[in-house]
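Peer 1: After the structure tokens below, expect a handful of questions from me.
The values are calculated or read from the model by the stated rules, or taken from the named source; none is laboratory data. Keep in mind the model is a prediction, meaning the values are calculated, not measured. Quick reminder, even Gly has a Cβ in these numbers, built from the backbone with ideal geometry, and neighbours come from all protein chains shown. Just so you know, the surface numbers come from the protein's heavy atoms only, side chains and all, with ligands and any DNA or RNA stripped out. Shrake-Rupley method; radii C 1.70, N 1.55, O 1.52, S 1.80 Å.
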Amino acid sequence: MLLIASDHGGLELKQILVDFLRKRGIEVKDLGVSADDSVDYPDYAALVAEPISNKTAEQGILVCGTGIGMSIAANKFPGVRAALVHDEFTAQMAREHNNANVLVLGGRVLDPDLACRMVALWYDGDYEGGRHQNRLNKIIQLEENNCVSKA
Ligand code: RB5
């Protein structure tokens, strides 16, 4: 089950992505928004990031105007690795190197066809592990030490 949410700035692209993912047979839970009234992106970031943080969901997608606000908010949740991506390379790396469990996209900056290709690269990609896992473990340590670096 893939969670997805947006604010008003990401609504149009979110709808396109929901259709794209469902046509590919992927089960998607759309957590809003469903109208273009102005809302506050942290509220919608939390709808996706909180269940991922507490491990009741595995991964999700967030869309706002630029992707910046959603990525800042989602990364406040322990265990969430939200990656704001801009092109196919960064989307692929978000999976292969960062094992991002939240992909963040800017609805006002991305061509929709490109955004669909980016989502597919991230969703279908394989995490490489190895040296990258050492780095993810260090992020976990930072969370556990309340961001006091032991290095
Ligand atoms: C909303 O106008 C806009 O600020 C929001 O969608 C996002 O771009 C914030 O980072």
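Peer 1: Given the whole protein assembly as supplied and a 1.4 Å probe, what does the accessible area of Ser38 come to in Å², nearest 10?
Peer 2: 100
Peer 1: By accessible area of protein heavy atoms, probe 1.4 Å, what ranking do Met1, Met118 get, highest first?
Peer 2: Ranked list, largest accessible area first: Met1, Met118.
Peer 1: Oh, and also: Long-range amide H contacts for Gln59: which residues qualify at under 5 Å (H placed 1.01 Å from N, peptide plane, sequence gap of 5 or more or a different chain)?
Peer 2: Leu3
Peer 1: Would you rank Ile72, Ile140, Ile61 by solvent-accessible area, highest first, keeping every protein chain in place and using a 1.4 Å probe?
Peer 2: Ranking Ile72, Ile140, Ile61 by accessible area, largest first, yields Ile72, Ile140, Ile61.
Peer 1: From the phi of every residue in the range 137-148, what ³J(HN,Hα) in whole Hz does the Karplus formula 6.51 cos²θ - 1.76 cosθ + 1.60 yield, where θ is phi - 60° and glycine or proline is x?
Peer 2: After applying 6.51 cos²θ - 1.76 cosθ + 1.60, I find 4, 5, 5, 4, 4, 4, 4, 5, 9, 6, 6, 8 Hz.
Peer 1: Given DSSP loops and a limit of at most 16 other Cβ atoms within 10 Å, what is the longest stretch of the chain that contains no such GluC sites (Glu not before Pro)?
Peer 2: Longest stretch, sites excluded: 59-127.
Peer 1: Report the longest stretch of the chain that contains none of the trypsin sites (Lys or Arg not before Pro) sitting in a DSSP loop with at most 12 other Cβ atoms within 10 Å. List each step's numbers first, then the result.
Peer 2: On the way: sites that count: Lys55, Lys150.
Counting at most 12 other Cβ atoms within 10 Å as exposed, the longest clean stretch of the chain is 56-149.
Peer 1: Show that you can apply the helix-only estimate: for the chain, add -39,500 (n - 2.57) for every DSSP H stretch of four or more residues, divide by all residues, and state [θ] at 222 nm to the nearest 500.
Peer 2: Value at 222 nm, helices only: -14000 deg cm²/dmol.
Peer 1: Could you please state how large a percent of the accessible area of the chain is carbon and sulfur, counting protein chains only and using a 1.4 Å probe?
Peer 2: Exposed carbon and sulfur together represent 49 percent of the surface.
Peer 1: Cα to Cα, under 20 Å, and not fewer than 8 places away if on the same chain: which aspartates and glutamates meet these conditions relative to Lys23?
Peer 2: Lys23 reaches Glu12, Asp111, Asp113, Asp124.
Peer 1: Further question on the same structure: Could you tell me the relative contact order of the chain? Use alpha-carbon pairs under 8 Å, at least six residues apart, and round to a whole percent.
Peer 2: For the chain, the relative contact order is 23 percent.
Peer 1: Give the span of the chain's Cα atoms along each principal axis, as three whole-Å numbers ordered largest to smallest.
Peer 2: That gives 45, 29, 27 Å along the principal axes, largest extent first.
Peer 1: Quick one: order Asp40, Asp87 from most to least accessible surface, probe 1.4 Å.
Peer 2: Working: Asp40 100, Asp87 65 Å².
Heavy-atom accessible area, descending, gives Asp40, Asp87.
Peer 1: Pop a pseudo-label 7 angstrom from the Cα along the beta-carbon direction at both Arg117 and Lys29 and give the gap in nm to one decimal.
Peer 2: A separation of 3.2 nm, rounded to one decimal place.
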